[in-house]
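> Sharing a structure, written as structure tokens. Questions coming.
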Amino acid sequence: MNDRTTTEFNTQCVIACHHYDGKGSVEAITLEAISDVLAVEDGSYVWLALYEPDELVLGKVQEEFHLHDLAVEDARVAHQRPKIESYGDSVFIAVRTAQTVDQRVRFGETHFFVGKRFLVTVRHGSSLSYRTARARFEREPELMAQGTAGGLYVVLDLIVDNFQPLLDEFSAQLTQLERDILSEDFKPNTIRELYTLKQDLTRLRIAAAPIADIISQLTRLRKELITDEIQLYLRDVQDHAIRLNDGIDTLREMLSAAMSTNLSLVTVHQGEVVKRLGAWAALLGVPTLVASWYGMNFKFMPELEGKWSYAVLIGLVALICIVLYRRFRKAQWL
């Protein structure tokens, strides 16, 4: 089946426009044909997938589905907070998405327009394609029989599942950083990497946390869209989202502990360096003090005329240094 619709309104932003008859049949249609299809009261529905649509396409989509102006404006402008809004017979949902791009976590958004006979998904920013979600939807008749709510479920399920590899990756990074923290070699970049990881975890928490609440509101407010059967599926997604949030919170706590441990070890390491410097300064101070006494060029000084004065003085200085060295070693300052 062709996954890209070509119309005069379509650039690269129209990913798919499919008509489902509710009995297992799927047909690719154009944007202009949507209103004609929906005009027939036969229980069929349409799933339209968009990626960063321009105003021309959104205007046509609004015309075909009779969407509310405020909802379309939200879909046009990205950077929406995660939310669910009810507009007459349809619902607007905004959720955050995330994926790894060039070894950094990038965040995007997906907006949903959900009605009894239509589902519109609008992706912005970094977001994996929902082609696999549509493929799953079309090969499972029990989901297709649930209509647009079934399509909403498979996309939300994919979004939540896509967060888990990121969490696993963060966990692996933290494990490596913990090894660096506890290693003998001090690495100045460790605290920077810990701080960057905490930033990414915080942003991931902000993206993932509202999904469970959105699903709860959806099942409570729109009984006509969410049947008892599809509620079972959505509760499974909600459970995954809650467990994901718990995992993020646990990892954040471990990360905070790792940062505190790193700072404590750095302080201890600096203290050890100061102790060693102090011990060596004391050892060097003894001969320096004695040499300074006998370098003052006074005429009448003791031991200047003695035959063994120099040897005795050297031995005494050496003995004092040895005693100090043994004391410092016993105190583990050296």
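> Count the net charge of all other residues whose Cβ sits under 12 Å from the Cβ of residue 159, scoring Lys and Arg as +1 and Asp and Glu as -1.
-1
> Mind checking the full-extension length gain between residue 168 and residue 192? Use 0.36 nm per residue of separation minus the Cα-Cα distance, one decimal, nm.
Taking 0.36 nm per residue and subtracting the Cα distance, the gain is 6.6 nm.
> Apply the Karplus parameterisation 6.51 cos²θ - 1.76 cosθ + 1.60, with θ equal to phi minus 60°, to every residue of the range 241-251 and state each ³J(HN,Hα) to the nearest whole Hz, in sequence, with x for glycine and proline.
5, 5, 5, 5, 4, 4, x, 5, 4, 4, 5
> From Cα pairs below 8 angstrom and at least 6 apart in sequence, can you work out the relative contact order of the chain, rounded to a whole percent? Provide the component values of the computation, followed by the final result.
Numbers: 417 pairs, mean separation 40.6, N = 334.
Here the relative contact order equals 12 percent.
> Assuming R0 = 22 Å, can you tell me the calculated FRET efficiency for the pair residue 309 and residue 288, based on Cβ-Cβ distance, to the nearest 0.05?
Plugging the Cβ-Cβ distance into 1/(1 + (r/R0)^6) gives 0.70.
> In degrees from 0 to 90, rounded to the nearest 10, what is the angle of the helix 55-65 Cα long axis to the longest principal axis of the chain?
50 degrees
> What number comes out for accessible area per residue over the range 50-186 if the probe is 1.4 Å? Units Å², please.
Using a 1.4 Å probe on heavy atoms only, each residue of the range 50-186 averages 45 Å².
> Jot down the radius of gyration and Dmax of the range 176-334, Cα atoms only, both in angstrom.
33.5, 113
> Same structure, new question: Sorting 13, 321 by accessible area (1.4 Å probe), largest first, what list results?
On the way: 13 5, 321 30 Å².
Accessible-area ranking of 13, 321, largest first: 321, 13.
> Would you mind checking the tilt of helix 148-182 against the longest principal axis of the Cα atoms of the chain, expressed as 0 to 90 degrees and rounded to 10?
So the inclination is approximately 10 degrees.
> What number comes out for the charge environment of residue 82, summing +1 per Lys or Arg and -1 per Asp or Glu over other residues with Cβ under 13 Å away?
After counting each charged neighbour, the total is +1.
> Further, regarding this structure: Mind giving me the FRET efficiency for residue 202 and residue 145? R0 is 56 Å, r the Cβ-Cβ distance, nearest 0.05 is fine.
Calculated transfer efficiency: 0.90.
> Averaging sequence separations of C-alpha pairs under 8 Å and six or more residues apart, then dividing by the length of the range 70-222, give the relative contact order as a whole percent. Can you show the working numbers first?
Numbers: 177 pairs, mean separation 30.4, N = 153.
Reported relative contact order: 20 percent.
> Order 73, 140, 41 by their accessible area, 1.4 angstrom probe, all chains in place, largest first.
41, 73, 140
> Continuing with the same structure: State to the nearest 20 debye the size of the charge dipole of the chain about its Cα centre, where the only charges are +1 on K and R beta carbons and -1 on D and E beta carbons. List each step's numbers first, then the result.
On the way: 36 positive and 45 negative charges, 576 e Å.
Using Cβ point charges on Lys, Arg, Asp and Glu, the chain gives about 2760 debye.
> Looking at the range 1-139, what % of the alpha carbon pairs are farther apart than 18 Å?
Pairs farther apart than 18 Å: 55 percent.
> After finding the eigenvalues of the alpha carbon gyration tensor for the range 133-228, what semi-axes result from the square roots of 5 times each, listed largest first in whole Å? Please list the in-between numbers first.
Working: eigenvalues 336, 46, 12 Å².
Square roots of five times the eigenvalues give 41, 15, 8 Å.
> In addition: Rank 247, 292, 277 by how far each Cα sits towards the positive end of the charge dipole of the chain (+1 on Lys, Arg Cβ; -1 on Asp, Glu Cβ) and give me just the farthest.
Value: 292.
> How high is the relative contact order of the range 71-113, given as a whole-number percent (alpha carbon pairs under 8 Å, six or more residues apart)?
Normalised by residue count, the contact order of the range 71-113 is 33 percent.
> Now for a separate question. I'd like the accessible area for residue 70, computed on protein heavy atoms only with a 1.4 Å probe and all protein chains in place. Round to 10 Å², please.
Counting only protein heavy atoms, residue 70 exposes about 100 Å² to solvent.
> Quick one: what do you get for the chain if you divide its Cα Rg by 2.2 N^0.38 Å?
1.75
> Continuing with this model, one more query. Carbon-plus-sulfur fraction of the accessible area of the range 80-206, 1.4 Å probe, in percent?
47 percent
The values are calculated or read from the model by the stated rules, or taken from the named source; none is laboratory data. Bear in mind that the values here come from a model prediction, so they are computed numbers and not experimental data. Please note: Cβ atoms are built from the backbone with ideal geometry, for glycine as well, and neighbour counts cover all protein chains shown. The accessibility values were calculated without ligands, DNA or RNA, using every heavy atom of the protein model including side chains. Shrake-Rupley method; radii C 1.70, N 1.55, O 1.52, S 1.80 Å.
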